């Protein structure tokens, strides 16, 4: 009963704060193969105004020595009044390798995605960077991470008025994670991604998550996500806000 009340309170605070989540993976935290499968109900306001369902699958291999590899796929589809209003998919692959223990690591990553209602047929990218850890996430005040790198981006829009884009972008992010009540987690992350030759063209992506164990390997998650694209496709809004309530199974 106490855990349920605390969960509801934390969820309300997260929604009020308008911040977001994603916990950086650390080498040696969970050796060998592990994974997560999640289903969620999402509320979105912005380019899409809908309630929809989504599913995701994440797999990780941790060498418990010098490197870690993880990949994730996610799909979302929704309708309102029998009319399709949500249709997107996303896949991400990341390789992390120690440089100076777990305090400094190198990252290689690749990503593909599409979003019918943002007029994106295909967005593909690949890049690299460094990540620094300043505090351990299970320390009293939580963990703090900073990442800096760059990536090459290819964007094919579905509109005839938007040009095909090939961009080089900086990738900077700041993440904070805190464990409480043993296995419950609060996390916040924010990305800043300007074009290398035009800092007026940039993307912001921020998210916050609260995750609480329910029973065994079953977890409840509440996420809030806000994105801003300073130069979206023609006719699309710059800002998107969404909330996700997830049930997650870890294996």
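Each value in this text was obtained by applying a stated rule to the coordinates, not by laboratory testing. Here the structure is a predicted model, which means the values were calculated and not measured. With ideal geometry, Cβ positions are generated from the backbone for all residues, glycine too; neighbour counts draw on all protein chains shown.
The table below lists the values:
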quantity	calculated
Label-point gap, in nm, between residue 103 and residue 156 - each point 7 angstrom along Cα→Cβ	4.6 nm
Calculated P(r) tail over 30 Å for the chain, as whole % of Cα pairs	27 percent
Residues 33, 132 arranged by fewest to most Cβ contacts within 10 Å	33, 132
Distance histogram for segment 55-136 (every C-alpha pair counted, 5 angstrom bins, percent rounded to whole numbers)	3, 13, 18, 17, 15, 11, 9, 7, 4, 2, 1
Calculated [θ] (222 nm, deg cm²/dmol) that DSSP helices of n ≥ 4 give over the chain, each run adding -39,500 (n - 2.57)	-2000 deg cm²/dmol
Sorted by Cβ density within 10 Å, fewest first, the residues 227, 177, 161, 245	161, 245, 227, 177
Simple spin-label estimate for residue 130 and residue 251 in nanometres, 7 Å along Cα-Cβ	3.9 nm
Which of 188, 39, 155 has the fewest Cβ neighbours within 10 Å, and the rest in rising order	39, 155, 188
Rotationally averaged projected area of segment 105-194 (alpha carbon convex hull; nm²)	7.2 nm²
Point-to-point label distance, residue 41-residue 196, nm (Cα→Cβ direction, 7 Å offset)	4.5 nm
Spatial separation of Cα centroids for segment 103-145 and segment 30-101, in angstrom	12 Å
